[in-house]
Amino acid sequence: MFLVRSVSRTPVLRAPRRWAHSFPQLNSVTEHDLDYFRKILPPSAIITTLPPNPSPESELEPFNNDWMNKYHGKSTTVLKPRTTKEVSDIVKWCNDRHIGIVPQGGNTGLVGGSVPVKDELIISLANMSKVRSFDDVSGILVADAGCILQSLSDYLAPHNYVFPLDLGAKGSCQIGGNVSTNAGGLRLLRYGSLHGTVLGLEVVLPDGTVLDQLTSLRKDNTGYDLKQLFIGSEGTLGIVTGVSILTAPAPQATNNVMLALPKFENVLPLFKEVKRQLSEILSAFEFIDRRVYDLAIKHGQGRALDAEETEGAECFVLVETSGGNREHDEQKLNSLLESLMEADEPLINTGVLATSPAQFASLWAIREGLTEAVSKEGKPYKYDISVPLQKFQEVVDITREHLRSEGLMREGAVRHVVGYGHVGDGNLHLNVVADAYTPEVEAALEPFVYELVAKYNGSISAEHGIGVMKTHALHYSKNAVSIDWMKKIKQLFDPNGIINPGKVLP
Amino acid sequence: MRPSAVRLLNILVPVKRTVDYAVKIRVNPDQKGIDLNVKHSMNPFDEIAVEEAVRLRERLKDEVKSIKVVTIGPPKSAETLRTALAMGADAGIHVEVPESAPAPEPLGVAKALRAIIEREKEKGGIDLVIMGKQAIDDDAGQTGQILAGLMDWAQATFASKIVVDVAKKEANVTREVDGGLEEVRCRLPLVVTTDLRLNEPRYASLPNIMKAKKKPIEKLTPSDLNVDLTPRLETLKVTEPPKRVGGGKVESVDELIAKLKEAGITPVKA
């Protein structure tokens, strides 16, 4: 495995080699299988390139390729069941016939977890898109797995509730996929991870059995909490078909402020102070280092602060509040800003406060535009890592120094090493911007970055998951005993290895 | 020879607290008004006016003697004045009306502004009024023009560029008109109303927000100004625009043609 990793260069190329030894022996979908699927599904729920009525290849493209067009499957058939029973019938058939299955939601993942490795059958949950129930007293929502995140948000809005999860892909991603990948996103600091907000799941297990744990109970200490196994296991243990989740009362007021800090060392004391003073209304605390801020401004992401404001700033912090009472929130925010500005040894140089929604959006645009700015600057190597908060800057600096010592911090190789991320969640996005994807840069970065993260007991994948992209690196974040037990659990649930083969586990 | 007295510029910027433009407007069940219990902020065109006044000072330096902002509205309008002060205005005037009072109309507002300008005469007078071309709540778009008429001053509406020559007591204003841009030269005193392209308002920086808290705000009532703000118009009915009806999918060209015919669309005879 180590050998494979060291010779591989791009995910697309190395992929087939890596799973060659661990990929289970599975059968392809045949016309005989389709005959069975036609008995349980209407014609519109089956897309296949197999005879007698083949659809054009192009219809399968959006299912076989991920949105970045980085991972490519060769599936011949997509099924779009409408009910849990249909999913169960399909899975049972596939298990008996040893046909591999890839459960697919919005296909918006970043690590190739939702596209086939070979020609597995794709089960798209897109047609299961109904809200099953909503209780506007408890805020508990029960919905089909194929509900799109944005449509659930829209559904909740008139009831004055918000979904506890929000992320850039909200217009396409589905709640079943969100749960299966334990998506993090922008509201995690406020509402916690899905491990806390998901109250129950309905899952079709690899043998076709329906595991109904779709309870709407906040408290339920009765035996093992099996649903947790399906949150974040990226569809390798079963197919989530229904989700019961606790939604939150909608905030009535939001504000944000961008603070300019003289040095990184001030970020943590500032975080402490902000948490102490804002307490329950704090909803985001985002860190942006100076280099990546400059890139964002250079590439026109959001409106820059006045040069006067940013002079001498080593990094920036974006703070967002959301609460139930505008006056109360503004008062809290104002007294925080006052105390920050008037302190004897101020933690911040200065900052700006959004006074209108346009400015609110403009300040967020700087933060949200970082990804785009980095891509415009060059070819980014992206690492989504969790490390202790006080190590954020160190990780960025050490990586830059390492590249410098390798002679790669130069024209034609690496231009920038930058960091930004969710301080509130301990999640750093380390980005290395190179002129081109080259073997020498990759060799300098991997496994260097993974080893660095492992040294801090961090995580090599904070919110993006493992998919097929990082299976080889799982061991940097999980020890042998953990991986061994993961394999045992996989074996227990899915002895034939049919569900999402080649993903997560090495 | 005695040097002629240097006339410095005093600028007045009227601002209005309106329902924020990003808020989804909901009509009250009685259809006489809208739900006002939502986020308010400074009317965007007024924000541009404040920004322009501050930029004029940045360009003309000491030639701009004062920038005063004035608002007419309920107690919460004071926040809007503070925002303007944080952007760089020097002082505020708040003509306070009760929370429950109906919104004043352009004529009433213009008369109140005239009274303010009269009051300012003893403090050096007002040479330039910069204000939004309209408020986004009632979209009346009249106050600037009425004020210029009441004062018998020059007016330059829908401005996208303002160049003031203090010594010559005149201003060149570029206006956005249907056919393109029109440049007019006006003598001061002058009323300018702002269009969207004039500038992009700045963020309020923290030090300036702190400073704004110490800037003076004078409180007045309509009766102090001898004006009556009672509306002359009666609102009969407020309704929402009709809901947009979603499209449908058809399975074949024949079905499409059938539907088009159903909708009364007929082919053009060649």
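Scanning the stretch A:241-258 turns up at least one residue that is over 25 Å from the mean Cα position of the chain (by Cα) and among the β-branched types (Val, Ile, Thr). For the stretch A:271-302, how many residues are within 14 Å of another protein chain (Cβ to nearest Cβ) and either closer than 20 Å to residue A:417 by Cα or over 27 Å from the mean Cα position of the chain (by Cα) (or both)? Of the residues in that region, 2 qualify. The combined condition, being out of contact with any Lys or Arg (no Cβ under 6 Å at 6 or more places or on another chain), in the same structural domain as residue A:308 (by TED's automatic domain parsing) and either surrounded by fewer than 21 Cβ atoms within 10 Å (Cβ to Cβ) or more than 19 Å from residue A:392 (Cα to Cα) (or both), is fulfilled by residue A:275. Within the stretch A:447-500, how many residues turn out to be touching a strand residue (DSSP E or B) at 6+ places or on another chain (Cβ under 8 Å), in a loop (DSSP other than H, G, I, E, B) and at pLDDT 95 or above? Residues that pass the stated criteria total 2.
Is it the case that some residue within the stretch A:360-371 is over 25 Å from residue A:311 (Cβ atoms), of a type outside the set (A, V, I, L, M) and more than 14 Å from chain B (Cβ to nearest Cβ)? Scanning the stretch A:360-371 turns up at least one residue that is over 25 Å from residue A:311 (Cβ atoms), of a type outside the set (A, V, I, L, M) and more than 14 Å from chain B (Cβ to nearest Cβ).
Would you check which residues across the stretch A:86-117 are open to solvent by 30 Å² or more (accessible area, probe 1.4 Å) and in contact (Cβ under 8 Å) with a residue 40 or more places away in the chain and list them?
Step one: list which residues in the stretch A:86-117 are open to solvent by 30 Å² or more (accessible area, probe 1.4 Å), which gives A:89, A:92-93, A:96-98, A:108-110.
The answer is A:89, A:92, A:93, A:97, A:98, A:108, A:109, A:110.
Out of the residues in the stretch A:423-444 that are open to solvent by less than 10 Å² (accessible area, probe 1.4 Å) and in a strand (DSSP E or B), state the one that is farthest from residue A:190 (Cα to Cα). Ranking the qualifying residues of the stretch A:423-444, first place goes to A:434. Only a single item in (1) more than 30 Å from residue B:40 (Cβ to Cβ); (2) within 14 Å of chain B (Cβ to nearest Cβ) is not met by residue A:314, and it is number (2). Within the stretch A:192-207, the set of residues being open to solvent by 30 Å² or more (accessible area, probe 1.4 Å) and not in a loop (DSSP other than H, G, I, E, B) comprises A:195, A:196. In the set (1) over 30 Å from residue B:84 (Cβ atoms); (2) at pLDDT 85 or above; (3) surrounded by fewer than 20 Cβ atoms within 10 Å (Cβ to Cβ), the condition left unmet by residue A:330 is number (1).
The set of residues from the stretch A:118-127 being farther than 13 Å from residue A:235 by Cα and surrounded by fewer than 24 Cβ atoms within 10 Å (Cβ to Cβ) comprises A:118, A:119, A:126, A:127. Would you check if residue A:146 is part of a loop (DSSP other than H, G, I, E, B), open to solvent by less than 30 Å² (accessible area, probe 1.4 Å) and over 30 Å from residue A:36 (Cβ atoms)? For residue A:146, the condition - part of a loop (DSSP other than H, G, I, E, B), open to solvent by less than 30 Å² (accessible area, probe 1.4 Å) and over 30 Å from residue A:36 (Cβ atoms) - is not met. Consider the stretch B:9-45 and keep the residues that are in contact with a Gly (Cβ under 7 Å, 6 or more places away or on another chain) and either more than 24 Å from residue B:160 (Cβ to Cβ) or within 11 Å of another protein chain (Cβ to nearest Cβ) (or both). The one that is surrounded by the fewest Cβ atoms within 10 Å (Cβ to Cβ) is B:17.
Among residues of the stretch A:379-416 being within 17 Å of residue A:314 (Cα to Cα) and in contact (Cβ under 8 Å) with a residue 60 or more places away in the chain, the one that is most open to solvent (accessible area, probe 1.4 Å) is A:390. One residue alone among B:215, B:261, B:249, B:243 is at pLDDT 90 or above and open to solvent by 40 Å² or more (accessible area, probe 1.4 Å), and that residue is B:215. For the stretch B:145-161, the criterion of a residue being surrounded by fewer than 16 Cβ atoms within 10 Å (Cβ to Cβ), touching a residue at least 24 places away in the same chain (Cβ under 8 Å) and basic (Lys, Arg) is satisfied by no position.
Outside any loop (DSSP other than H, G, I, E, B), open to solvent by 30 Å² or more (accessible area, probe 1.4 Å) and among the acidic types (Asp, Glu): is that true of residue B:118 in this structure? Break it down into steps so the answer makes sense when it comes.
Working: outside any loop (DSSP other than H, G, I, E, B): yes; open to solvent by 30 Å² or more (accessible area, probe 1.4 Å): yes; among the acidic types (Asp, Glu): yes.
Considered against the rule, which asks whether it is outside any loop (DSSP other than H, G, I, E, B), open to solvent by 30 Å² or more (accessible area, probe 1.4 Å) and among the acidic types (Asp, Glu), residue B:118 comes out as yes.
Put simply, of A:247, A:254, A:241, A:236 the only residue that is within 14 Å of another protein chain (Cβ to nearest Cβ) and of a type in the set (Val, Ile, Thr) is A:254. Quick check, is residue A:177 within 17 Å of residue A:194 (Cβ to Cβ), open to solvent by 10 Å² or more (accessible area, probe 1.4 Å), outside any loop (DSSP other than H, G, I, E, B) and in contact (Cβ under 8 Å) with a residue 40 or more places away in the chain? Considered against the rule, which asks whether it is within 17 Å of residue A:194 (Cβ to Cβ), open to solvent by 10 Å² or more (accessible area, probe 1.4 Å), outside any loop (DSSP other than H, G, I, E, B) and in contact (Cβ under 8 Å) with a residue 40 or more places away in the chain, residue A:177 comes out as yes. Summed over the stretch A:323-352, the residues that are within 9 Å of chain B (Cβ to nearest Cβ) and over 35 Å from the mean Cα position of the chain (by Cα) give a count of 3.
Kindly check whether there is at least one residue in the stretch A:401-422 that is part of a helix (DSSP H, G or I) and either within 14 Å of chain B (Cβ to nearest Cβ) or within 24 Å of residue A:283 (Cβ to Cβ) (or both). Please lay out each step first, then the result.
To start, the set of residues in the stretch A:401-422 that are part of a helix (DSSP H, G or I) comprises A:401-405.
If we keep only those that are either within 14 Å of chain B (Cβ to nearest Cβ) or within 24 Å of residue A:283 (Cβ to Cβ) (or both) too, we end up with none.
No; the residues of the stretch A:401-422 include none that is part of a helix (DSSP H, G or I) and either within 14 Å of chain B (Cβ to nearest Cβ) or within 24 Å of residue A:283 (Cβ to Cβ) (or both).
With respect to the stated conditions, residue A:133 fails to be touching a strand residue (DSSP E or B) at 6+ places or on another chain (Cβ under 8 Å), at pLDDT 95 or above and within 23 Å of residue A:232 (Cβ to Cβ).
Screening A:167, A:189 for residues that are in a helix (DSSP H, G or I) and within 28 Å of residue A:288 (Cβ to Cβ) leaves exactly one candidate, A:189.
Give the residue that is farthest from residue A:91 (Cα to Cα), with candidates limited to residues of the stretch A:208-217 that are assigned to a loop (DSSP other than H, G, I, E, B) and free of Cβ contacts under 8 Å to residues at least 40 places away in the same chain. I'd like the intermediate steps shown before the answer.
Initial filter on the stretch A:208-217 (assigned to a loop (DSSP other than H, G, I, E, B)): A:208-209, A:214-217.
Checking which are free of Cβ contacts under 8 Å to residues at least 40 places away in the same chain leaves us with A:215, A:217.
Details: A:215: 23, A:217: 28 Å.
Restricting to residues being assigned to a loop (DSSP other than H, G, I, E, B) and free of Cβ contacts under 8 Å to residues at least 40 places away in the same chain, the top hit is A:217.
Report, ordered by the first and then the second residue, all pairs with beta carbons closer than 7 Å, sequence separation of six or more or different chains, a first member in the stretch A:323-345 that is assigned by TED's automatic domain parsing to the domain that holds residue A:190, and a second member that is open to solvent by 50 Å² or more (accessible area, probe 1.4 Å) and among the β-branched types (Val, Ile, Thr). Sorted first by the residue in the stretch A:323-345, then by its partner, the list stays empty.
The values are calculated or read from the model by the stated rules, or taken from the named source; none is laboratory data. As the structure is a prediction and not an experimental result, all values here were calculated from the model. A quick note on method: Cβ atoms are made from the backbone with ideal geometry, for glycine too, and the neighbour counts reach across all protein chains shown. Ligands, DNA and RNA are excluded from the accessible area calculation, which covers all protein heavy atoms including side chains. Shrake-Rupley method; radii C 1.70, N 1.55, O 1.52, S 1.80 Å.
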